[in-house]
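J.: What follows is a structure written as structure tokens; I'll ask about it next.
The values are calculated or read from the model by the stated rules, or taken from the named source; none is laboratory data. All of these numbers come straight from a predicted model, not from anything done at the bench. When the accessible area is computed, the model is the full protein with side chains, heavy atoms only, and any ligands, DNA or RNA have been set aside. Shrake-Rupley method; radii C 1.70, N 1.55, O 1.52, S 1.80 Å.
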Amino acid sequence: MAMNAKKIAVYVLVAFALYVIITDPDGATGYVRIAFEGISDAAKAIGDFMTWVASRGE
């Protein structure tokens, strides 16, 4: 049952994303930019943390 709920949630999110892209392409570019900046910042933070761990917290 939980797997079906996950599939439905993914389908709803994809449908919503497509709806936003089709109805407001200019706004969608801003949303994509924000998402990629967030992913980039998260990756940089993980890299900084791993560097800190590798240097034994110094």
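J.: Quick one: accessible area per residue over the chain, 1.4 Å probe, rounded to a whole number of Å²?
T.: Working: 5280 Å² over 58 residues.
Counting only protein heavy atoms, the per-residue value for the chain is 91 Å².
J.: Let me ask something else. Quick one: what are the phi-derived ³J(HN,Hα) couplings along the range 27-41, Karplus 6.51/-1.76/1.60 with θ = phi - 60°, whole Hz, x for glycine and proline?
T.: x, 5, 5, x, 5, 5, 4, 4, 4, 5, 5, x, 5, 5, 4
J.: Taking the 0 to 90 degree range and rounding to the nearest ten, how far is the long axis of helix 2-23 tilted relative to the main principal axis of the chain, both from C-alpha atoms?
T.: 70 degrees
J.: Just the number: Rg to Rh for the range 1-40, Cα atoms, Kirkwood Rh, two decimals. Mind dumping the intermediate values first?
T.: Values: Rg = 12.7 Å, Rh = 11.3 Å.
Ratio value, two decimals: 1.12.
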